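What follows is one structure encoded as structure tokens, with my remarks underneath.
The values are calculated or read from the model by the stated rules, or taken from the named source; none is laboratory data. What you see is a predicted model, and the numbers here were worked out from it, not measured in a lab. All Cβ positions, glycine included, derive from the backbone under ideal geometry; neighbour counts span all protein chains shown. Remember, those area values only see protein heavy atoms, side chains included, never the ligands or the DNA or RNA. Shrake-Rupley method; radii C 1.70, N 1.55, O 1.52, S 1.80 Å.
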2 protein chains.
Amino acid sequence: MPHPVPSLTRDSIQRAHTTIQPYIHQTPLLTSRSLTASTGQGNNQLLFKAENLQKGGAFKARGAFFNVHDGIKEEERQGGVCTHSSGNHAGCLALASRSLQIPCHLVMPSNSSPAKISASRSYGANITFCEPTAPARQAMLEKVQKKTGAIFVPPYDAERTIVGQGTVWLEVEAQVRAMGIRLEDLGAVVVPVGGGGLLAGVCIAAEASGVPVYGAEPAGADDCARGIASGVRVEGLVPNTIADGLRTPVGVLNFPIIKKHVKGILTVTETEILTAQRLLLERLKTLVEPSGAVSFAAVRSEGFQRLGIKGPVVMVLSGGNVDLEKPFGWMTE
Amino acid sequence: MPHPVPSLTRDSIQRAHTTIQPYIHQTPLLTSRSLTASTGQGNNQLLFKAENLQKGGAFKARGAFFNVHDGIKEEERQGGVCTHSSGNHAGCLALASRSLQIPCHLVMPSNSSPAKISASRSYGANITFCEPTAPARQAMLEKVQKKTGAIFVPPYDAERTIVGQGTVWLEVEAQVRAMGIRLEDLGAVVVPVGGGGLLAGVCIAAEASGVPVYGAEPAGADDCARGIASGVRVEGLVPNTIADGLRTPVGVLNFPIIKKHVKGILTVTETEILTAQRLLLERLKTLVEPSGAVSFAAVRSEGFQRLGIKGPVVMVLSGGNVDLEKPFGWMTE
């Protein structure tokens, strides 16, 4: 049975969670006394929602599984799904399609990392390469779609994707309570923002709790921060950051949601991102990609400390897919 | 009250567990479908006991806390404890002494990794450097001991250390059962062997369960494998391996215990160690040092596959302290 496009509400997010729960991991909410001590955050406990341990290594699995299991009609399954992506959305969509044994067609820029290409391939996706430009990706996607009849699954700028990503917050609420912390005592939740699917989803899901939601963005890809500051979504900014998952501009559908709900967008330098990634590996022993470490980088920043937040702080570590052939950024700095 | 030296029995290990539980982590028993699929182990589920997530980043915390909390008389506390170590035993002993606020004196070879030196220092230890040779370490330790009156805590060749390390198995038993797996259905437990404190402890603790215990050793430091093969403990072998925690020869007290209980010692190449370390980082997203990855390397090896083991396999990932300034071994191979 085909489902209607979900409304952008907490109810929809709860329904999405029910749909995807059999397929995704409930990722752990990690703590670290030594990292808490290292931030100068006083007694604010740090809680890391480890979406790097999610299926496919990123929160993107949530939206992908929800799109595939909720958004594809029976008669559309044969044609499968398609998307263009150089990163985690590609791999996670491949994984989600495999769960229904439907075809997955990926358009990937020719400069995508070998690790991400081989991950997508190992999940059984058909990959078409294109020039690494937005028009080339779009043109190639249309070509693939025309040939295969596959349904396009958008990486962030769509209701099902936003609602799917928002499910991460429902787990955080339950995990925080299980730790004996009251939701109203949380100081903040900090979420990396690229296209804004995750941030918009968390904004909607967390509204009822009253927990202040912050976005975290590289200074070299700060279109969301600029947009929130000016009130108008920023287009055409040329990103320059190691956080490859956050180079995309915030989506048309995502921006007004974020603008309405978010307390603020924190920006961080490249060095702050690398230091955060390194500390997570050194102390938590957990591998997070630069994009995923931006939330922790933001919490370690002076900008965050000036907010004077009191109470435990939740950070989403959004992904952990790193090309391990190359040295880490801090090794070559 | 000073306690007598514990007997090398499961009862002692249970008592040690009660003593150290308030101070150590119950580390998780991790699973990974993708790693299980990658080993060619058929349907043998892989269970990773993540001692890289232990306090101080290594199983060594178990023996260190037990020594400090059980082995130091009231009147000896003022003088504190001492040891010589270039690695995890140093940091973990520093951590354990801090829990009782007693002095910790460490003799570290001058070529110890800056990461391990700074970890030990951050836990409040007094560090004396020496030439990186066994006689120099011994001589410097005696000097420090004479000056301070500190009690020597041996890294592996002592009852309390063996019994402390064996506590890891008690947790594995409970965790395996909580997963709905019967102990008698386990195919094997595989444990890295350097000085042999961990392996001897697991041998004693696991005997009652009948689970087959295997040691895992780098081919470039295979004194234990040679000793078991010939029946006589091997001395004087010059180790050559990246697994710095496994370069020590198996201890005098440890060897006969291992010889009596172990089903076999598996040896692995340097490339197999690096591949295992890399896979754990890539798929489990968990940082394990080369020594800690030797157990997984062994399970991936042909030698292990020839054993024809049926049933879930437990591997102890013994530590996760890596010098993150330097590229990983596989990056420069």
*What residues in region B:293-333 lose 40 Å² or more of accessible surface when the other protein chains are added to their chain alone (1.4 Å probe)?*
B:Leu324, B:Glu325, B:Met331
*16 Å reach of a label modelled at B:Arg98, 7 Å along Cα-to-Cβ, counting backbone N of region B:127-162*: B:127
*Among DSSP beta bridges lying fully in region A:60-152, give the percent that are antiparallel, nearest 5.*
0 percent
*Give me the percent of the accessible area of chain B that comes from carbon and sulfur atoms, probe 1.4 Å, all protein chains in place.*
50 percent
*Listed residue pairs exceeding 25 Å between alpha carbons, taken from A:Lys326/B:Lys60; A:Lys326/B:Lys55; A:Lys285/B:Lys326; A:Lys55/B:Lys49; B:Lys116/B:Lys285; A:Lys310/B:Lys285*: A:Lys326/B:Lys60; A:Lys326/B:Lys55; A:Lys310/B:Lys285
*Between chains B and A, what is the buried accessible area summed over both chains (1.4 Å probe, protein heavy atoms, nearest 100 Å²)?*
1600 Å²
_For chain B, what does the helix formula give at 222 nm: sum of -39500 (n - 2.57) over DSSP H segments with n ≥ 4, over the residue count, nearest 500 deg cm²/dmol?_
-13000 deg cm²/dmol
_Under a Cβ-only charge scheme (Lys and Arg +1, Asp and Glu -1), can you give me the dipole magnitude of region B:60-152 about the Cα centre, in debye to the nearest 20?_
200 debye
*Teacher prompt: A:Glu184 distances to equivalent labels in other copies, 7 Å Cα→Cβ, nm*: 5.4
*Hey, any idea what Rg/Rh is for the protein assembly as shown, computing Rh the Kirkwood way over Cα pairs?*
1.00
*Smallest Cβ-to-axis distance in chain B, for the rotation taking B to A: which residue, how many Å?*
B:Pro327, 2
*Per principal axis, descending, Cα span of chain B in whole Å*: 57, 45, 39
*Of A:Ala134, B:Pro135, B:Gly166, farthest towards positive along the dipole that unit charges on Lys, Arg, Asp, Glu beta carbons give the protein assembly as shown*: B:Gly166
*Over chain B, give the accessible area per residue in Å² for a 1.4 Å probe, as an integer.*
40 Å²
*Cα centroid distance between region B:132-156 and region A:127-197, in Å?*
56 Å
*Using amide H atoms built 1.01 Å from N in the peptide plane, name the residues 5+ places from B:Phe129, or on other chains, whose amide H lies under 5 Å from its own.*
B:Met108
*Within the protein assembly as shown, percent of DSSP bridges classed antiparallel, to nearest 5*: 15 percent
*Using 1/(1 + (r/R0)^6) with R0 = 56 angstrom and r between the beta carbons of B:Gln138 and A:Arg177, what's the FRET efficiency to the nearest 0.05?*
0.55
*At q = 0.14 Å⁻¹, what base-10 log of I(q)/I(0) does the Debye formula yield for region A:213-333 when every alpha carbon is treated as an equal point scatterer in vacuo?*
-0.59
*Between B:Thr31 and the same site in the other copies, what are the distances in nm, shortest first, taking label points 7 Å from Cα along the C-beta direction?*
2.6
*Hey, if you drop one equal point scatterer on each alpha-carbon of region A:1-136 and run the Debye formula without solvent, what base-10 log of I(q)/I(0) do you get at q = 0.19, 0.21 Å⁻¹?*
-1.07, -1.18
*Give me the Kirkwood hydrodynamic radius of region A:60-152 in Å, from all C-alpha pairs, to one decimal place?*
12.8 Å
*Using a Gaussian network for chain B with springs between C-alpha atoms less than 10 Å apart, which of these wobbles most: B:Pro132, B:Pro109, B:Pro154?*
B:Pro132
*asked:* Placing the label point 7 Å from Cα along the Cα-to-Cβ direction, what are the distances from B:Pro4 to the equivalent spots in the other copies, shortest first, in nm to one decimal?
replied: 7.8
*Tell me, what HN-Hα J-couplings in whole Hz come from the Karplus equation 6.51 cos²θ - 1.76 cosθ + 1.60 at θ = phi - 60° for each residue of region B:239-253, using x for Gly and Pro?*
x, 9, 7, 6, 7, 5, x, 10, 7, 6, x, 5, x, 5, 6
